[in-house]
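Visitor: Once you've had a glance at the structure underneath, I'll fire off some questions.
The values are calculated or read from the model by the stated rules, or taken from the named source; none is laboratory data. Note that the coordinates shown come from a computational prediction; the quantities given were computed from them, not determined experimentally. Here the Cβ positions follow ideal geometry from the backbone for every residue, glycine too, while neighbour counts run over all protein chains shown. Only protein heavy atoms, including side chains, enter the accessible area calculation; ligands, DNA and RNA are left aside. Shrake-Rupley method; radii C 1.70, N 1.55, O 1.52, S 1.80 Å.
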Amino acid sequence: MATNPQRKRLPDMLLDEELVTQGQLTECMEVHRVTGQSLTTLLVEKGYLSEEDLVITLTENVGIPHIRVSNYNIPREVLNVVPEMLARQYQMLPVSITGEVLTLAMADPLNIMAIDDLHLVTSYQIEPVVAIMSDLKEAVDRLYGGDKAETLFDTLAHNQDDGIADLEGADDDDDDVENVDVLSEGAEEEPVKNLVRLIIYNGLERDASDIHIEPFENELRVRYRVDGNLEKGPAPPKKLQPNLVARLKIVSGCRIDEHRLPQDGRARMRYQGRDIDFRVAFLPCKYGEKVVLRILDQGSLTLDLEGLGFEPQPMKVFTEALSLPHGMVLMTGPTGSGKTTTLYSALHKLNKITTNLVTVEDPIEYELFGVNQVQVKQAIGFTFASALRQILRQDPDVVMVGEIRDGETADVAVKAALTGHLVLSTLHTNDAAGVYPRLIDMGVEPFLVQSSVALAAAQRLLKRVCSECKEPITVPQDVLARHQYKPFDYLEKPNFVRADGCSKCKDTGYKGRVAVIEAMRNWPELQPLILGRRSGQEIKEMAIKCGMKTLRQNALAKAAQGITTLEQVMDHTMLD
């Protein structure tokens, strides 16, 4: 590692230069010991020491070069090496990378803990230079974007052990297992704990939905799924892979001595005063176990159905279907398209003291007060179908089935809908019209499908254009025609936009996502087609004649309102 630049302690330097008094130093050191806040920051904030005097003292006494970072334009690939939380916590900024050496501007280049933490995270040798504190803060805000009120290690200090599950069910009878005691001890070392927390908090700060930790021959890669796309994060040292995986197994309640079979677990940690749940999956690969953490943030769950922003036609028919006393409301769409969030929002709307709501889930993603939630346990034969049969004896008014995966579950769900229950569930098809042939293919008789399905809906998530850097554009009529755009009676005129990217959206042009849905009521005109086992395309064409707005049309409405872009419409919807 580069350098331990310290020749004598900073407090001694400041006293020797008569820049602070012993009383001022003692006061700030006491606060530093209690809160962990940087001594130099305290001295500067209290007005006991000027930023310029601090820089001059370090440069003259220790020989550390001084740079001005206020006008630096640092490449994104260099910025990405240092997590934003560490940059803010330790008041530092990566300047350049030469070979294996990372040049790092720091307000306090004598902070060996900061240098060691960054070396652990990045594997680079650290070459510190000193910069003025206010310049650093301005540069971090400008280059990383945003302003974080609470830093990573503030949160860790407050919530270090809250809600972390313990190791359960370890069994080391096999002859070829590794030394579990050694792995467990390594996993409990404080640097490994902090590394796990850093990876997780980095994902939370990025608003990621999933964290991927992937082993390769000479590298351990970390990626975060943000707004539907995977982006690379700082890579931990390869040598820490066994302890890192063992630590994640410990906190998620999995066996650390099992490396040959996939495992699933759950963990809970605190972040900015709220509990965050994680679904943790381990998969054996050639160079070790891949880990995926699904982030389940109860605080970010939108339970306001109207707040999801559906267009008028799908919102109207969706709300009408939820008001029915019985029938099936089926959501379709690819993994990660927000189907579960929409169903939870529907449950929230239906959740009244006069209504008995029961769910069957695998796993239970979010806890809803007032809803009886049942966890499926496939290993002991407690499947969706068997759980649903038991639930029907619990006098439910509304039942949510996490997913209809097989013919048995479909059969029980259909019969529940026909016997006076409102059934909400998900199914995997490309569009809403595909629900009917899919249920028939699963073995449900067409007359039962026609009688039981009240609503079929398909959903996608489109990236929301960045509000800071978006700008209006004019789209030629021939281009709109190719996209099948038609004027909307509830929009005066289209307001199409684009965005080049800025610091707020990490130069992507997008920030957040918006749901787009097509909703198909079981109109009388559709029923002969369903009974006749007609194709999904024929059913869709008839539904359009009945007034259904397709995914493409509803996505174009979002683009016409300046919420997303035409590129997103083309990427996520097909021509009708």
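Visitor: Sort 203-215, 228-240 by packing, meaning the average of other beta carbons within 10 Å per residue, with the highest value first.
Guide: 203-215, 228-240
Visitor: For the pairs 339/540; 290/506; 463/493; 349/377; 232/506, note any where the Cα-Cα span goes beyond 24 Å. Don't skip to the answer; put the middle values down first.
Guide: Values: 339/540 20 Å; 290/506 27 Å; 463/493 22 Å; 349/377 28 Å; 232/506 13 Å.
Correct reply: 290/506; 349/377.
Visitor: Residue 232 to residue 261: FRET efficiency via 1/(1 + (r/R0)^6), r the Cβ-Cβ distance, R0 30 Å, to the nearest 0.05?
Guide: That pair, residue 232 with residue 261, gives E of 0.60.
Visitor: While we're looking at this one, here's another question. At 0.36 nm per residue, and after removing the present C-alpha to C-alpha distance, how many nm does the segment from residue 406 to residue 382 gain when stretched out fully?
Guide: 7.2 nm
Visitor: May I have the extent of the alpha carbons of the chain along their three principal axes, as whole Å values ordered from largest to smallest?
Guide: Between the extreme Cα coordinates on each principal axis of the chain lie 92, 68, 47 Å.
Visitor: Same structure again: Helix 51-62 against the longest principal axis of the chain: what's the angle in degrees, Cα atoms only, rounded to the nearest 10?
Guide: 60
Visitor: Separate question: Compute the acute angle (0 to 90°) between the alpha-carbon long axis of helix 190-205 and the principal axis of greatest extent of the alpha-carbon atoms of the chain; round to the nearest 10°.
Guide: 50
Visitor: Right, here's the next one. Helix 133-144: angle to the longest alpha-carbon principal axis of the chain, degrees 0 to 90, nearest 10?
Guide: Approximately 30 degrees, to the nearest ten.
Visitor: While we're here: Ignoring ligands, DNA and RNA, please state the percent of accessible area on the chain from carbon and sulfur, probe 1.4 Å. Walk me through the numbers before you get to the answer.
Guide: Working: 12840 of 26390 Å².
C and S atoms contribute 49 percent here.
Visitor: Please list, ordered by chain and number, the residues whose modelled amide H lies under 5 Å from the amide H of residue 126; skip anything fewer than 5 residues away on the same chain.
Guide: HN-HN under 5 Å from residue 126: 2, 3, 102.
Visitor: Which peptide among 459-465, 367-373 comes first, and what is the full order, when sorted by highest mean count of other Cβ atoms within 10 Å?
Guide: The peptides rank, most packed first, as 459-465, 367-373.
Visitor: Using the Karplus curve 6.51 cos²θ - 1.76 cosθ + 1.60 with θ = phi - 60°, what ³J(HN,Hα) values do you get for each residue of the stretch 215-224, in whole Hz, with x for Gly and Pro?
Guide: Along the stretch 215-224, the couplings run x, 10, 4, 10, 8, 10, 9, 10, 10, 10 Hz.
Visitor: Once amide H atoms are built 1.01 Å from N in the peptide plane, which residues 5 or more positions from residue 464, or in another chain, come under 5 Å H to H?
Guide: 511, 512, 513, 514
Visitor: Now for a different question. Please give the calculated 222 nm ellipticity per residue for the chain, where each DSSP H segment of at least 4 residues contributes -39500 (n - 2.57) and the sum is spread over every residue; nearest 500 deg cm²/dmol?
Guide: On the way: 23 runs with 212 residues, N = 576.
That calculation yields -10500 deg cm²/dmol at 222 nm.
Visitor: From the Cα gyration tensor of the stretch 316-401, with a ≥ b ≥ c the square roots of its eigenvalues, which class applies: rounded if a/c is under 1.5, or else prolate if a/b is larger than b/c, or else oblate? Kindly include the intermediate steps, with their values, before the conclusion.
Guide: Details: a/c = 1.69, a/b = 1.23, b/c = 1.37.
Oblate shape, in that a/c is at least 1.5 and b/c is the bigger or equal ratio.
Visitor: Something else now. Given H placed 1.01 Å from N in the peptide plane, which residues other than close sequence neighbours of residue 400 have an amide H under 5 Å from its amide H?
Guide: Under 5 Å from the amide H of residue 400 lie the amide H atoms of 358, 359, 360, 424, each far enough along the sequence or on another chain.
Visitor: Per residue of the stretch 115-132, what does 6.51 cos²θ - 1.76 cosθ + 1.60 with θ = phi - 60° give for ³J(HN,Hα)? Whole Hz please, x for Gly and Pro, Karplus curve as stated.
Guide: Going residue by residue, I get 5, 5, 4, 5, 4, 4, 6, 9, 6, 7, 6, 9, 10, x, 10, 9, 9, 5 Hz, with x marking Gly and Pro.
Visitor: Tabulate in residue order the Karplus-calculated ³J(HN,Hα) for the stretch 481-495, using 6.51 cos²θ - 1.76 cosθ + 1.60 with θ = phi - 60°, rounded to whole Hz; enter x for Gly and Pro.
Guide: In residue order, the calculated couplings are 5, 5, 7, 6, 6, 10, x, 9, 5, 9, 10, 5, 8, x, 10 Hz.
Visitor: Can you compute the FRET efficiency between residue 525 and residue 60 using 1/(1 + (r/R0)^6), with r the Cβ-Cβ distance and R0 = 51 Å? Round to the nearest 0.05. Spell out each step's value before the answer.
Guide: On the way: r = 86 Å, r/R0 = 1.68.
Using R0 = 51 Å, I get an efficiency of 0.05.
Visitor: Also, quick follow-up: Note the full-extension length gain between residue 218 and residue 397 as 0.36 nm times their separation in residues minus their Cα-Cα distance, in nm to one decimal. Each step should come with its number before you reach the end.
Guide: Details: separation 179, 0.36 × 179 = 64.44 nm, distance 5.54 nm.
Full extension of this stretch gives 58.9 nm more.
Visitor: Right, here's the next one. Taking the simple approach of a point 7 Å from Cα along Cα-to-Cβ for both residue 71 and residue 447, what is their distance in nm?
Guide: 8.4
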